[in-house]
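For reference, the structure discussed in these notes is given below.
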Amino acid sequence: MDFMELAKNRYSERFFDSRPVEQEKLDKILEAGRIVPTACNYQPQKFYLIRSKEGLDKLKTVTHFHYNVPLMILICYDAREVWTNPGDRYYQNYNSGEQDASIAATTMMYEAEELGVHSIWIRGFDSKTVVDTYGLPDHMIPVMMLGLGYPNENAKANGWHYNRKPIEDFVYEL
Ligand SMILES: Cc1cc2nc3c(=O)[nH]c(=O)nc-3n(C[C@H](O)[C@H](O)[C@H](O)COP(=O)(O)O)c2cc1C
């Protein structure tokens, strides 16, 4: 599919059925997240698969936005492996972890779309609760979660999907 068509077709799915995402498709989605560019090629992104009954039960205690997904990928960066710029005078103690993890997440999201797997990007959670609930090490920084699965009969984009600012609101000449 043409990339622009793919990008326009994607919407945040909030109505999933229980059908699991096939391992073969998941492997491709994870591969898409592996090959992304990262600052200095440090590759700090980590993908935690939440798909066991225990993992999904815990998910319901860490976010209201679980949407009964059959598969959630918690995307983190490893603070020991991330590029930092202590000399940045605007952002104190800057590191590129959110960017690196978000590039991975975005690439996985569009690979999923290409494979016919719907997705939802989730940031509505408390990072400390996630770290404690899943027993992550201190150096693992949660960035977001990517819910993946197939739509149920109620699936549709909500109004926000159709509400985008005009291009003039984004683009400036310097
Ligand atoms: C950084 C980020 C955080 C988001 N967090 C949530 C969330 O916690 N819960 C949710 O339902 N949607 C979440 N979304 C989805 C947005 O609400 C959605 O992308 C936006 O409204 C545009 O709709 P669309 O994705 O259907 O085009 C998030 C999206 C992004 C990019």
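The values are calculated or read from the model by the stated rules, or taken from the named source; none is laboratory data. Small disclaimer: the values here were computed from a predicted structure and weren't measured. Every residue, glycine among them, receives a Cβ derived from its backbone with ideal geometry; neighbour counts consider all protein chains shown. To get the accessible areas, we keep the full protein, side chains included, count just its heavy atoms, and leave off ligands, DNA and RNA. Shrake-Rupley method; radii C 1.70, N 1.55, O 1.52, S 1.80 Å.
General remarks:
- For the residues Glu81, Glu5, Glu98, the requirement of being among the charged types (D, E, K, R) and assigned to a loop (DSSP other than H, G, I, E, B) singles out Glu81.
- Residue match in the stretch 156-165 (condition: away from the ligand (no atom under 13 Å from the Cβ) and not in a loop (DSSP other than H, G, I, E, B)): no
- Taking residues in the stretch 147-167 that are open to solvent by 70 Å² or more (accessible area, probe 1.4 Å), and partners anywhere that are more than 10 Å from the ligand (Cβ to nearest atom), the pairs with Cβ atoms closer than 7 Å and at least 6 places apart or on different chains are Asn154/Phe15.
- Of the residues Glu98, Glu153, Glu173, the single one that is among the acidic types (Asp, Glu) and either within 14 Å of the ligand (Cβ to nearest atom) or modelled with pLDDT under 95 (or both) is Glu98.
- In this structure, Leu59 does not qualify as part of a strand (DSSP E or B) and either under 22 Å from Asp17 (Cα atoms) or modelled with pLDDT under 95 (or both).
- Subset of the stretch 4-56 [within 16 Å of the ligand (Cβ to nearest atom), in contact with a Gly (Cβ under 7 Å, 6 or more places away or on another chain) and within 23 Å of Cys76 (Cα to Cα)]: Gln45
- Tally, over the stretch 120-142, of residues that are within 9 Å of the ligand (Cβ to nearest atom) and either buried (at least 17 other Cβ atoms within 10 Å of the Cβ) or in a helix (DSSP H, G or I) (or both): 3
- Each residue in the stretch 60-81 was checked for being without any contact (Cβ under 8 Å) to a residue 40 or more places away in the chain and within 15 Å of the ligand (Cβ to nearest atom), and 1 of them qualify.
- For the stretch 56-72, the count of residues that are aromatic (Phe, Trp, Tyr) and more than 14 Å from the chain's Cα centre (by Cα) is nonzero.
- Residue within the stretch 31-39 that is over 18 Å from Gly147 (Cα atoms), at pLDDT 95 or above and touching a Ser or Thr at 6+ places or on another chain (Cβ under 6 Å) present: yes
- Answer residue from the stretch 88-102, given it is open to solvent by 50 Å² or more (accessible area, probe 1.4 Å) and in contact (Cβ under 8 Å) with a residue 24 or more places away in the chain and is nearest to Ala39 (Cα to Cα) among those: Gln99
- Test for Asn85: is it in contact with a Ser or Thr (Cβ under 6 Å, 6 or more places away or on another chain), closer than 26 Å to Asn41 by Cα and without any contact (Cβ under 8 Å) to a residue 24 or more places away in the chain: no
- Identity of the residue in the stretch 102-119, within 13 Å of the ligand (Cβ to nearest atom) and hydroxyl-bearing (Ser, Thr, Tyr), that ends up farthest from Val21 (Cα to Cα): Ser102
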